[in-house]
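Note sheet for the following structure.
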Amino acid sequence: MSSNQSFNHFLRERGADWDVRSLLYHIARSVKYINFSIRAGNTGGAVTQNASGESQIAMDILADQIISKELEKSEIAKVIASEEQEESIEFPSHRGNYFVAYDPLDGSSLVDANLAIGTIFGIWESPDMIGHKAGDGMVAACYAVYGPRITLTIALKDKGCHEFELNDVGEFILTRADITIKDDTTYFAPGNLKVCGENPKYRACMERWLDRQSKLRYSGGMVPDLHHILSKGHGIFTYPSDTKQPQGKLRLLFEGAPFAFVFNEAKGVGKTQEGNDILDTIVTDYHQNTTVFVGSKNEVKAVTDMLA
Ligand code: P6P
């Protein structure tokens with residue numbers, strides 16, 4: 001359902017808290033600027049390494065700077081943490097008590113292949129995350145997809161999951177309200193396929209999907225791969241652990257928790273390989289990893305049961 005409603009008007013109508021709306025306004029602005037930089041910017045190779053030792057390209061750094069500047073301008077975010085930075089940044093003078101974690105440009109290595117990539121945000125109303133569950137105090141999560149369309153999908157606590165699209169005059173307009181996920185699916189997005197060579201249970205999951213003639217939808221970019229599930233209304237995305245990454249590859253605060261929050265609001269699920277809610281994971285380190293099994297609840301349950 002599209003009503004051409006503006007981003008701010010929709011959030012106000014849904015009763016989103018003023019401070020959260022303001023943070024989301026600055027997040028939307030940063031997405032616009034990142035989009036411009038992708039289309040105009042340097043898609044060159046590795047420049048440096050990030051906190052997780054992964055190679056960074058110029059756009060990762062630029063996207064990170066754009067977001068941190070916008071969050072500073074909000075004067076609401078008390079603490080921000082970026083996947084691209086080892087340390088979090090504190091703004092003691094800011095009036096809000098919010099913590100914002102973000103992955104500035106997830107899958108940026110796909111840009112030179114001209115594949116879609118994205119930006120992921122989580123918003124918590126508690127600046128101190130360490131020792132708490134990843135879902136404690138979480139009030140919103142959102143992600144942008146930079147593809148043929150520039151979309152910003154937002155989930156608000158107990159207020160649903162909604163997609164907005166950047167129009168040609170630079171406004172985010174509502175394209176889909178109250179997105180929901182069906183309990184079963186015929187799509188699968190299997191990450192970390194090499195695990196089939198070391199874990200016969202994961203290979204059995206592939207055979208399950210092949211025997212059921214499910215459709216493979218996997219690009220290597222978590223954001224578009226998960227947006228495919230929300231857009232089609234069903235699917236499963238899996239990223240299990242392996243011997244080198246016993247906790248999984250994806251980050252809890254920058255990727256797993258925001259998407260678990262989004263999918264929970266869309267009546268889907270976000271689980272760890274053990275079948276626990278990702279949002280119940282205790283945060284011990286801003287950069288800790290998690291396994292990720294997200295999407296249609298019956299399929300996620302069936303697959304995590306097979307891996308148990
Ligand atoms: P693999 C991109 O680097 C990323 O962090 C996610 O966006 C994506 O789901 C995953 O890694 C892909 O990992 O092992 O398939 O390259």
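When segment 191-201 is filtered for residues that are within 8 Å of the ligand (Cβ to nearest atom) and without any contact (Cβ under 8 Å) to a residue 24 or more places away in the chain, only 193 remains. Taking segment 80-113 as the range and being touching a residue at least 40 places away in the same chain (Cβ under 8 Å) and part of a helix (DSSP H, G or I) as the test, the residues that pass are 108, 109, 110, 111, 112.
Restricting attention to segment 103-111, does a residue exist that is buried (at least 23 other Cβ atoms within 10 Å of the Cβ), of a type outside the set (Val, Ile, Thr), more than 16 Å from the ligand (Cβ to nearest atom) and at negative phi? Looking for residues that are buried (at least 23 other Cβ atoms within 10 Å of the Cβ), of a type outside the set (Val, Ile, Thr), more than 16 Å from the ligand (Cβ to nearest atom) and at negative phi, one finds none in segment 103-111, hence no. Filtering segment 207-235 to residues that are in contact (Cβ under 8 Å) with a residue 60 or more places away in the chain, under 24 Å from residue 175 (Cβ atoms) and within 13 Å of the ligand (Cβ to nearest atom) leaves 219, 221, 222, 223, 224, 226, 227, 229. Answer yes or no as to whether residue 251 is in contact (Cβ under 8 Å) with a residue 12 or more places away in the chain and surrounded by 15 or more Cβ atoms within 10 Å (Cβ to Cβ). Judged against the criteria, residue 251 is a match. Each residue in segment 266-286 was checked for being surrounded by fewer than 24 Cβ atoms within 10 Å (Cβ to Cβ) and outside any loop (DSSP other than H, G, I, E, B), and 4 of them qualify. Here the condition is being farther than 20 Å from residue 83 by Cβ and of a type in the set (D, E, K, R); of 225, 277, it holds for 277 alone.
Failed condition for residue 204, given (1) among the small types (Gly, Ala, Ser); (2) surrounded by 16 or more Cβ atoms within 10 Å (Cβ to Cβ); (3) more than 16 Å from the ligand (Cβ to nearest atom), with all others met? For residue 204, the failing item is (2).
Taken together, the values in this text are just the output of simple stated rules run on the coordinates, not laboratory data. No experiment lies behind these values; they were computed from the predicted model shown. Note that each Cβ is placed from the backbone with ideal geometry, even for glycine, and that neighbours are counted across all protein chains shown.
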